1. Which value results when the Cα radius of gyration for the protein assembly as shown is divided by 2.2 N^0.38 Å?
2. Please sort by residue number the trypsin sites (Lys or Arg not before Pro) in segment A:189-279 whose DSSP state is loop and whose Cβ has at most 15 other Cβ atoms within 10 Å.
3. List the residues, sorted by chain then number, that are 5 or more residues from A:Ile348 or on another chain and whose placed amide H is less than 5 Å from its amide H.
4. Among residues other than B:Val274 whose Cβ falls under 13 Å from its Cβ, what is the net charge (Lys/Arg +1, Asp/Glu -1)?
5. Counting Lys and Arg as +1 and Asp and Glu as -1, what is the net charge of the other residues whose Cβ lies under 10 Å from the Cβ of A:Ala22?
6. How about A:Lys202: which aspartates and glutamates have a C-alpha closer than 18 Å to its C-alpha, ignoring those fewer than 8 places off in the same chain?
7. Heavy atoms only, probe 1.4 Å: what % of the accessible area of segment A:213-309 goes to carbon and sulfur, would you let me know?
8. Using a Gaussian network for chain B with springs between C-alpha atoms less than 10 Å apart, which of these wobbles most: B:Ser121, B:Ser193, B:Ser60?
Amino acid sequence: MSVVYGKIVSLIIMERFGLVLAKVASFLFKTPDSPLLFIKRGTELPLSKIKESLCILIKHGLVTFRPNKNENLANYSLDSNKVLLMLRYPKYLNFVKKQFGDESEIIIEEVLLRGYLPASELILKVYDRMSKNCNKPPSLSIIKDKLVYLITSKYLKRIPSAENKPVPNLVQNETMMHVLPPIELKTLITYQNDQRTVLPDKNIYWTVNFERFHQDMRDKIVVAAFERKFDEHAAEIIKLFLRQMYVRTEPWSDISNPIPAMEVKDILKRQANSSVALAFFDQYLTVMEQDNSRLLRKAGEASGGSYQIHLKETFTQLVWNLIEQVILEKHDTKAARIFRLVKLKPYIEPDRIQQLAMIPAKDAKKLSYQLYEENFFRIQELRKTPTVSGPVKNFTLFHIELDNVVRMLLEMCYKTLFNHITRRNHERELNTRIIDKKQRVDTILMGMKSQGATPEQIADIEELITPPERVVLDNIDKIMKKLNTVELEVDDTIFMLFIKDCDEYATQRTSSR
Amino acid sequence: MDVKNIKFDPESHIIELAKQRPEGISNKDLKENMPQLDLPELTGVINKLLKGGVLELFKSNEELLYKYKDPSKKTTAKGSDNEEKVVYRIIEEAGNKGIWIRDIRFKSNLNMTQLNKVLKSLEIKKFIKAVKSVTASKKKVYMLFDLEPDSSVTGGAWYQDQDFESEFVDVLSQQCHRYLVERLDDAKKQGGSPVMVRNRSYATAAEVHKFIQDLGISKISLSVSDIESILYTVVLDNNAERTTAANGTFLYKATHNFIFPPGLVKTCCGTCLVANKCAHTGSVNPTSCTYLTDWLSGS
């Protein structure tokens, strides 16, 4: 939790929900676990507004509450990690679209927009939206099937039901988490015609299960890493291994349970296009197993050999790689070389660094102290007891503490995000006049087009924006696009750094429930 | 043993005695062992031995001691005085690692000016030479003239007059990497099973050594261990990996990274050197940052 982190949180909320909510959120960020009146005093907002903001934040799962000592009052806290996830929404949508098609994308989008909603309402909303926007809307049953699929494959989960108390205690029924109550299409159709019809699943709400998406994103990273290191066939095998892993292992455990190689081979046999991977299946396994990274390890010889995937170690290695890349880009090859040397031989003396890395003494010293200054290295000093005469020689030993470096890089990511969002807001502010004008022109154009205006009339209106203004607009457009893409990419880095500690991630998950 | 009956040879007797006592013999010892010799005779014999360099004279606790000196080590040329002999011997002991002038001073007990004179005269006579050490540029070490300096003093192949030749090392490292990459590509082109491709792409240091020598980029001859250390830098650059073969030697193979450069360093903030000073307010801030402006206006 740092100052920058708090600032991004409030910036993100500001962008999506406006000033009032941002104020409430940043107050909650600073003083977690505060009751309502406390928030009122801290933010100096009218009580009704605070209540409204808390409602919205709770609806989106950004604020959690628990009963105070006095059970009639609730204490509110901000779940800041969830706020940061809002930056990742486009990625989730893109993923769903690619994987399951447009209907699923709209389903997820609706849920993300609203926080949570009942299944039947969701189906109707999606249907309305799709029938408005495309010529051939899918039928209700298709949407329902897609929804059922998303729920059974755990992309959506049921939100806990509340007990009837002044401050409700949320109870999660684990078995019912991903079970859809029966929805009759007939009732939906009658509801479409007559809004007064009571829907059967009125009180069962669904929300997005982010972990499931993260699990897929994680797998994608692992597969991509294997593809880059070995080749596409090896990646294919790993993909199947990961899939088989979920059959017998908790998705977020550090090390998978042993997976029989025969099982994976059988699946490969059924896939038509994987002849290379199948032909050299055993050899690929040997190569991957004998590799220095040791991500896949043999667990036993039974039934043609079984293998374990060391996920935690995989990510630790990927994070090392990531840090090395950051240093490579920031301080160039030589520094990256020194960093790797210190990683391989912790507590190393500067003299040894210079010898092994084959870098001139002066440069080696400069680079290693530069890395120290940037907090990549730590120094352990060994002092000799001071002698009466002669120079006192101390030993300076360099080493790395991975967790610290990761934390520092996360900070760096947050700062980068903060800078980009601030810059984006600033650019927008500078050009408010032109952007507003463009919007006005666009609305006029829309209206005219729907009224069936002639092309000349439309051209007339379009000319309201002068060529120099157009250049400015294009430029802003470019800048915004660039900042947005980079934001997503920085978020990738955050994800990677964050996921390193699978177990930590899991505990965080259970505590947030 | 009846000493008087055999022909007595005082010289060999004294040498025998001195050999038995490496810590030295005193006048008193001599008198006890050789009561038949009178003092002038004894003085004459000892003086002769001292002049011949067989015995050495020491003084401890106000008492004179004679020590035996091995004639086989007697390499000091004629014409040197005693100081030179002492200094020469100290330098000889240091071997090809050399010895620092300060240590010579402590060992020889000579004062600075005298020692400098002695060293200069030895240098002129080409008995010893001064070599500059790479570890400390101002430190000179002395060693015998005909010795080849140790690699810890000269720094080995990578040093030219105490300067580390980083460009030379960089070029070699690049070439080693190139060789490994070519080898990997070749192995891939030949096709075959993954294990075969992997095994073909491994190269030993000796093979790389041969390649470097055939290239002829190095004026000096490099040893295989020199190439090993170059290859280690390639490994440290994450461009290759090193495994141990069955016979204990190292095998090298070009590799790829696991990941592409992360998103963080694709922005200018990730590589910014003043990022620590950057904040919402103050002179370094995101709204007026020139780096950001440049980056945004770029393609």
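1. Working: Rg = 40.4 Å, N = 812, 2.2 N^0.38 = 28.1 Å.
Rg over 2.2 N^0.38 Å, computed on Cα atoms: 1.44.
2. Numbers: sites: A:Arg196, A:Lys202, A:Arg212, A:Arg218, A:Lys220, A:Arg228, A:Lys229, A:Lys239, A:Arg243, A:Arg248, A:Lys265, A:Lys269, A:Arg270; in loops: A:Arg196, A:Lys202.
Filter output for segment A:189-279: A:Arg196, A:Lys202.
3. A:Phe398
4. On the way: positive: A:Lys330, A:Lys415, B:Lys277; negative: A:Glu373, A:Glu374.
With Lys, Arg at +1 and Asp, Glu at -1, the neighbours total +1.
5. Values: positive: A:Arg16, A:Lys23; negative: A:Glu15.
Charge balance near A:Ala22 sits at +1.
6. A:Glu110, A:Glu121, A:Glu163, A:Glu184, A:Asp194
7. Result for segment A:213-309: 50 percent of the exposed heavy-atom area is carbon or sulfur.
8. B:Ser60
The values are calculated or read from the model by the stated rules, or taken from the named source; none is laboratory data. On a predicted model such as this, the values are computed, not experimentally measured, just so you know. Here the Cβ is made from the backbone with ideal geometry for all residues, glycine too, and neighbour counts use every protein chain on show. SASA here: full protein model, heavy atoms, side chains in, ligands and nucleic acids out. Shrake-Rupley method; radii C 1.70, N 1.55, O 1.52, S 1.80 Å.
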